[in-house]
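Notes for the one structure printed next.
The values are calculated or read from the model by the stated rules, or taken from the named source; none is laboratory data. Bear in mind the structure is a predicted one, so any value in this text is a computation, not a measurement. Every residue, glycine among them, receives a Cβ derived from its backbone with ideal geometry; neighbour counts consider all protein chains shown. Remember, those area values only see protein heavy atoms, side chains included, never the ligands or the DNA or RNA. Shrake-Rupley method; radii C 1.70, N 1.55, O 1.52, S 1.80 Å.
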2 protein chains.
Amino acid sequence: MLTQTINTQAINTQVRGKIGSALPASDQFVAIADHVGLIATELSYRKEEEIYGEDEPAEYVYQVVSGAVRTYKLLSDGRRQIGAFHLPGDVFGLESGASHRLTAEAIIETNVRVVNRASLEKVAGIDVHVARKLWAMTSGQLRHAEDHMLLLGRKTAMERVATFLLEMDRRLAVAGMMALPMCRRDIGDYLGLTLETVSRALSQLHSQGILGLSGARQIELRNRQRLRNIDAL
Amino acid sequence: MLTQTINTQAINTQVRGKIGSALPASDQFVAIADHVGLIATELSYRKEEEIYGEDEPAEYVYQVVSGAVRTYKLLSDGRRQIGAFHLPGDVFGLESGASHRLTAEAIIETNVRVVNRASLEKVAGIDVHVARKLWAMTSGQLRHAEDHMLLLGRKTAMERVATFLLEMDRRLAVAGMMALPMCRRDIGDYLGLTLETVSRALSQLHSQGILGLSGARQIELRNRQRLRNIDAL
DNA sequence: CGCTGCCTTGATCCCGATCAATTCCCGTGG
DNA sequence: CCACGGGAATTGATCGGGATCAAGGCAGCG
């Protein structure tokens, strides 16, 4: 339960109050919260800590401030499919229905901003721009899921890894370098592969000079065009 | 272009006007159209006919009246991933953004009801219940996509086919029988398998007495519980 | 400096893909 | 009503990409 999390792990980092204009307002989640005067709370989660579980009531909507989050589903025998990685700025845990449909965990030490879902929905019932924004965010997640179904159903291992690298490059590259927050197993569970296959694909791309590795999780893309050629359309 | 479709194939079946209460009002799409007085048009598509293409402007929102529709993405070399099958009552082609992200085709002779997206959005800007409903419909599609990612990324061939049969049973069984509108290739492209693998899995389930076949597309589930046991969680 | 978990690399296996015939319907026309 | 044609489905044989099993290597952190 989130209540426990607040009480046991995150109590020290709680910051209650209206989001002020001093905070980065680079996206609409903040803009909404700011504009309509919603109460936003900031929480911290440690590496590997669960944020919410599958089928739990969706009490809050989250936005990553720093760190990284994975959302996934499990089969009863432990097979895992990660649906998405959530990086700084991303909103996750937004549900139209009553409960979360995936489990969310912090991959590394992570700070998130949360807004109560009920109050957000109340605002959406008054302000059509907020309602439109909630729909657009869910629609954006659907777009990602549709692209990912194509990857999982039809792409080869090498194509999947190329797609992954280009996605991460777009989302978290700083000065041409990526610092991946997740391990090989997470990447495999996102791409529908084993960690060994991910590792082999990365090694091969490295040997071809398409990427540089300075530490397993520090990756530099040296030739994006060749990577795009490997990735099927 | 849809305009062409209207002019060439569907002109005879066009029915312009406010949806009346005499039509089945079992779902909210009709309820919305009825309530707010939107103009709904009914169109027909022949077997294999395209309804809209990937990246085309999303001018209309569709609801299946009769028949069946597949929505899919293609890779440049022709590999195809079907994201969903749309059966009578289902809404498809609803986009929050400007364009369609998958191609839609009629699988068999199909009748659909269409509503202009711009006018629907205009209504959503006034009536919060309509706005809420649009969000909920997109959210429902996201739920399906999340479940399907788990299937495509982590389930075995037999598990995928079991999941498929249970889904179709739920959605189109009449008196314990299913009349599948789609061929084995479509099923394969939905499940991330080849048509041969789908066929083999069905044959095996048949030989185990779990399903009855009267014609390749007429399937009777004889033991849903065993099918649920085969389907991982 | 030495664990300990993460990653890489190698060897082998196996499930589902691919290639290849039939067979089975189902629709069509005689 | 039946014969026929042709796409759809089944079934068989073989292949191969990625999984699995199994060591090492390395690096980040105490």
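For the stretch A:106-124, indicate whether the set of residues that are under 22 Å from B:Leu151 (Cα atoms) and either hydrophobic (A, V, I, L, M, F, W, C) or not in a strand (DSSP E or B) (or both) is non-empty. Taking every residue of the stretch A:106-124 in turn, none turns out to be under 22 Å from B:Leu151 (Cα atoms) and either hydrophobic (A, V, I, L, M, F, W, C) or not in a strand (DSSP E or B) (or both).
Out of all the residues in the stretch A:208-217, is one or more under 22 Å from the mean Cα position of the chain (by Cα) and not assigned by TED's automatic domain parsing to the domain that holds A:Tyr72? Reasoning before the result, please.
Narrowing the stretch A:208-217 to residues under 22 Å from the mean Cα position of the chain (by Cα): A:216-217.
Subsequent filtering for residues that are not assigned by TED's automatic domain parsing to the domain that holds A:Tyr72 retains A:216-217.
Within the stretch A:208-217, one or more residues are under 22 Å from the mean Cα position of the chain (by Cα) and not assigned by TED's automatic domain parsing to the domain that holds A:Tyr72.
Taken over the stretch A:190-202, the criterion of being near DNA strand C (Cβ under 9 Å from one of its atoms) and touching a strand residue (DSSP E or B) at 6+ places or on another chain (Cβ under 9 Å) is satisfied by A:Leu202 alone. Test B:Glu109 against the stated conditions and say whether it is open to solvent by 10 Å² or more (accessible area, probe 1.4 Å), modelled with pLDDT of 95 or more, acidic (Asp, Glu) and in contact with a helix residue (DSSP H, G or I) (Cβ under 9 Å, 6 or more places away or on another chain). Answer is no for this residue.
All conditions but one from (1) within 10 Å of chain A (Cβ to nearest Cβ); (2) part of a helix (DSSP H, G or I) apply to B:Leu193; the one that does not is (2).
Looking across the stretch A:124-142, the residues that are within 9 Å of another protein chain (Cβ to nearest Cβ) and of a type in the set (Val, Ile, Thr) come down to A:Ile126, A:Val128, A:Thr138.
Hey, can you tell me all the residues within the stretch A:180-190 that are out of contact with any Ser or Thr (no Cβ under 6 Å at 6 or more places or on another chain) and free of Cβ contacts under 8 Å to residues at least 40 places away in the same chain?
Passing the criteria: A:Leu180, A:Cys183, A:Arg185, A:Ile187.
Residue check: is B:Leu165 closer than 19 Å to B:Arg228 by Cα, within 10 Å of DNA strand C (Cβ to nearest atom), out of contact with any Gly (no Cβ under 7 Å at 6 or more places or on another chain) and open to solvent by less than 20 Å² (accessible area, probe 1.4 Å)? For B:Leu165, the condition - closer than 19 Å to B:Arg228 by Cα, within 10 Å of DNA strand C (Cβ to nearest atom), out of contact with any Gly (no Cβ under 7 Å at 6 or more places or on another chain) and open to solvent by less than 20 Å² (accessible area, probe 1.4 Å) - is not met.
Which of the residues belonging to the stretch A:193-231 are more than 9 Å from DNA strand D (Cβ to nearest atom) and either touching a residue at least 60 places away in the same chain (Cβ under 8 Å) or basic (Lys, Arg) (or both)? Listed by number, the residues that qualify are A:Arg222, A:Arg224, A:Arg226, A:Leu227, A:Arg228, A:Ile230, A:Asp231.
The residue pairs whose first member lies in the stretch B:143-160 and is facing chain A (nearest Cβ under 7 Å), whose second member is of a type in the set (Asp, Glu) and more than 14 Å from DNA strand D (Cβ to nearest atom), and whose beta carbons are closer than 8 Å, counting only pairs six or more residues apart or on different chains, are B:Ala145/A:Glu146. For beta carbons closer than 7 Å, sequence separation of 6+ or different chains, a first residue in the stretch B:96-107 that is farther than 14 Å from B:Thr138 by Cα and more than 11 Å from chain A (Cβ to nearest Cβ) and a second that is among the polar types (S, T, N, Q) and part of a strand (DSSP E or B), the qualifying pairs are B:Thr103/B:Thr71; B:Ala104/B:Thr71. Can you tell me which residue is most open to solvent (accessible area, probe 1.4 Å) among those in the stretch A:126-162 that are in contact with a His (Cβ under 9 Å, 6 or more places away or on another chain) and more than 16 Å from DNA strand C (Cβ to nearest atom)? Going through the qualifying residues, I end up with A:His129. Residue by residue through the stretch B:169-190, note down the ones that are assigned to a helix (DSSP H, G or I) and more than 13 Å from DNA strand D (Cβ to nearest atom). Selection gives B:Asp169, B:Arg170, B:Arg171, B:Leu172. A count restricted to the stretch B:205-230 and to residues that are over 17 Å from B:Gly176 (Cα atoms) and surrounded by 14 or more Cβ atoms within 10 Å (Cβ to Cβ) stands at 1. Of all the numbered requirements in (1) open to solvent by less than 30 Å² (accessible area, probe 1.4 Å); (2) assigned to a helix (DSSP H, G or I), A:Ser199 misses one, and that requirement is (1).
In the stretch A:162-183 there is at least one residue that is within 12 Å of chain B (Cβ to nearest Cβ), within 24 Å of A:Gln81 (Cβ to Cβ) and not aromatic (Phe, Trp, Tyr).
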